[in-house]
1. Are any of the residues in the range 486-500 open to solvent by 20 Å² or more (accessible area, probe 1.4 Å), closer than 25 Å to LEU326 by Cβ and at pLDDT below 90?
2. Within the range 413-431, can one find any residue that is under 23 Å from VAL216 (Cα atoms), in contact with a Phe, Trp or Tyr (Cβ under 8 Å, 6 or more places away or on another chain) and either assigned to a helix (DSSP H, G or I) or of a type in the set (D, E, K, R) (or both)?
3. Go through (1) of a type in the set (A, V, I, L, M); (2) more than 15 Å from GLY97 (Cβ to Cβ); (3) at pLDDT below 90; (4) in contact with a helix residue (DSSP H, G or I) (Cβ under 8 Å, 6 or more places away or on another chain) and name the single condition ALA224 misses.
4. Only one residue in ALA232, ALA227, ALA213 is touching a residue at least 24 places away in the same chain (Cβ under 8 Å) and under 15 Å from the mean Cα position of the chain (by Cα). Which one?
5. If I ask for residues that are part of a helix (DSSP H, G or I) and open to solvent by less than 10 Å² (accessible area, probe 1.4 Å), which ones from the range 189-205 would you list?
6. Can we say ARG186 is of a type in the set (D, E, K, R), under 24 Å from LEU241 (Cβ atoms), touching a residue at least 24 places away in the same chain (Cβ under 8 Å) and assigned to a helix (DSSP H, G or I)?
7. So is TRP121 farther than 30 Å from GLN486 by Cα and in contact (Cβ under 8 Å) with a residue 24 or more places away in the chain or not?
8. Kindly list the number of the only condition in (1) open to solvent by 10 Å² or more (accessible area, probe 1.4 Å); (2) at pLDDT 85 or above; (3) within 22 Å of PRO208 (Cβ to Cβ); (4) not small (Gly, Ala, Ser) that fails for ASP71.
Amino acid sequence: MKPRRVGMSRGYEEMDGANVPRPPGGTTAPAGASVGSSTSATGTAAPPTGGTMLAGVAPEFELASVSVVPDDTYTVTQAVNALGFGWFQVKLSLCVGLCWMADSMEMTILSVLGPALHCDWNISRYEQALVTTVVFLGMMLSSTFWGHLSDRYGRKPALTLCGVLLFLYGLLSSVAPSFGWLLLLRGLVGFAIGCVPQSVTLYAEFLPTKQRAKCVVLLDCFWALGACFEVALALAVTPTLGWRWLLGLSAAPLFIFAIITPWLPESARYHVTSGQSDKALATLEQIAKDNRRPMLLGRLVVEGPSGSRGSLKALLGSSLRRTTLLLWFIWMSCAFCYYGLVLMSTELFGGKNKTMGDGDDTMTSGCQPLATTDYMDLLWTTLAEFPGIFATIYVIEKFGRKKTMALQFLLYAGCVLMITVTDVRIFLTIILFMARGIIAGLFQAAYVYTPEVYPTALRSIGVGGCSALARLGAMATPYVAQVLFQSSIWSAVAVYGIFAACASVACMLLPYETRGADLAH
């Protein structure tokens, strides 16, 4: 252990890694071997200089894998819980929310880009589906890459690179000279979007336990806001200026996010697990300053072992194999159902005048661009995400993560099956409204559960792996929602209902319930 820093008045001590256990009874080891108490320059042991607690607040001890005097140490979890929710988290919410909003816009644009390209370039149904698939292919291929990058070099550098690449490729997509170039550039957009889930990891690691689920679910408000803004932008831009202007203007939030990323904080948990305790302390001091709370006294310690940091193989170890496999299927089903509903909404609202069931892949029927009423109905169904978010906030804390996700999958299955029983536009809009709210809340519930169930050393790669499997489901969904749907609505709806029902069972088979628990060590 390094000696106490001169001039420090709060009793901090630096460390190079995890504490070495003290001898039983708390006796001081010989000079040079003791890490349970601070050591003077002469090598004599000095007594502890303060407990890990705030004035008037009962201490919460979480010894994890260390064996030290409790009132002389604290962990990142204890510090984040003690410093509470304040201005620091509000600023972080806005930064991460902007990233989430930009991601939502890039995803929502897929539902209106296909019909626009059909009218402009006369592409087939399969080519429309390919425009969506190539984005998710890029996301799937890059998810584990971004997870490794985040776990090895930090969340902040990965998100900074993500913001720059997303803006660049999004802008270049608007000037693509041919369909082949557009596919390539949209695939690169998908590659960059694969990093966006890491923003949720960074956000969750700065949230107190009691507020974590509520705040992560509220983050979905930015997703819903981005989706609504994209539909409104498409309504204003596409009929007059065309899809190229829509792609270019949609990259604006990405430019703003790329500018503000240098001010993003790096995860204190990442710094501790990577042996950079000085930087972790500096971040915790900034939280205390922004939240106007007194800093904890004592020594910052590692919460658990970090030997498997960034290892995909560790996700399939004996202790995590069942959780990982079930979460992969749940995330794949969630993305399959969510993006399927988004694409089906466009087909239902904008495809009433198209020739359906004629087996013509080239769609030689006249071009039917989305009308104002179509955009308005899409906007109404998109607004459903807001009540879905707030309902999830209540249910997820009352009944737990597993039961909430299982119930939402079953409700979604019931809603999509109702699509086949009516052709009345207003009833169809109501059904899609309910289904969109349910699946949006479900997606965010998965984002709450996943970072909670994985340990810090595997959190980014765990979220990244789940995101990769989600993209596999999203890659397949255009061929059901845009191709199979044109031939048989019943068949398409049945596929989504079956996947949702199976995913509901998978949710109940998850071995851990994380409601009210600290982030896993």
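1. The answer is no; no qualifying residue exists.
2. Scanning the range 413-431, I find no residue that is under 23 Å from VAL216 (Cα atoms), in contact with a Phe, Trp or Tyr (Cβ under 8 Å, 6 or more places away or on another chain) and either assigned to a helix (DSSP H, G or I) or of a type in the set (D, E, K, R) (or both), so the answer is no.
3. Tallying (1) of a type in the set (A, V, I, L, M); (2) more than 15 Å from GLY97 (Cβ to Cβ); (3) at pLDDT below 90; (4) in contact with a helix residue (DSSP H, G or I) (Cβ under 8 Å, 6 or more places away or on another chain), ALA224 fails exactly one: (2).
4. Working: ALA232 fails: under 15 Å from the mean Cα position of the chain (by Cα); ALA227 fails: under 15 Å from the mean Cα position of the chain (by Cα).
Exactly one of ALA232, ALA227, ALA213 is touching a residue at least 24 places away in the same chain (Cβ under 8 Å) and under 15 Å from the mean Cα position of the chain (by Cα), namely ALA213.
5. First pass over the range 189-205, keeping only residues part of a helix (DSSP H, G or I): 189-193, 197-204.
Selection gives VAL189, GLY190, ALA192, ILE193, PRO197, GLN198, SER199, VAL200, THR201, LEU202, TYR203, ALA204.
6. On the way: of a type in the set (D, E, K, R): yes; under 24 Å from LEU241 (Cβ atoms): yes; touching a residue at least 24 places away in the same chain (Cβ under 8 Å): yes; assigned to a helix (DSSP H, G or I): yes.
Judged against the criteria, ARG186 is a match.
7. Taking the combined requirement at face value, the residue does not satisfy it.
8. It is condition (2) that ASP71 fails.
The values are calculated or read from the model by the stated rules, or taken from the named source; none is laboratory data. Note that the structure is a prediction, hence the values are computed from the model and not measured. A quick note on method: Cβ atoms are made from the backbone with ideal geometry, for glycine too, and the neighbour counts reach across all protein chains shown. Note: areas computed on protein heavy atoms with side chains; ligands, DNA, RNA excluded. Shrake-Rupley method; radii C 1.70, N 1.55, O 1.52, S 1.80 Å.
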